[in-house]
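Okay, so here's the structure we're looking at.
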Amino acid sequence: MSCTSSPLRCIAPPDSATTAILVGFGDESLLSALFTACDLVATISNEAGAENDELGAPVHLCREPRAPWSELWPEFRVRS
């Protein structure tokens, strides 16, 4: 998705942000490299059974980024 179709993807959180909810990042080693702690808190599902890109995606609650968001954000933009 581009910044034109989804402008919020282009705005980094402030460097003061210490908690993030990540959807669809299944690579535990990447999460460990980017955050001090990440917990799997849910998996996307739907009762209607509609198939979409998010169905089955992990949802992580991550804390304490290992670098400022201004440095981390380019990594997230590449993966989105």
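Listed values, structure above:
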read-out: Subset of the range 1-26 [at pLDDT 80 or above, in a loop (DSSP other than H, G, I, E, B) and surrounded by 11 or more Cβ atoms within 10 Å (Cβ to Cβ)]; value: 12, 13, 15, 17, 18, 24, 25, 26
read-out: Candidate set from the range 27-37 (those that are among the small types (Gly, Ala, Ser) and free of Cβ contacts under 8 Å to residues at least 24 places away in the same chain); member that is surrounded by the fewest Cβ atoms within 10 Å (Cβ to Cβ); value: 29
read-out: When residues of the range 38-80 are limited to those that are of a type in the set (Lys, Arg) and either part of a helix (DSSP H, G or I) or in contact (Cβ under 8 Å) with a residue 60 or more places away in the chain (or both), the one surrounded by the fewest Cβ atoms within 10 Å (Cβ to Cβ); value: 79
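The values are calculated or read from the model by the stated rules, or taken from the named source; none is laboratory data. What you are looking at is a predicted structure, and each value in this text was computed from that prediction instead of being measured. Backbone-built Cβ (ideal geometry, glycine too); neighbour counts: all protein chains shown.
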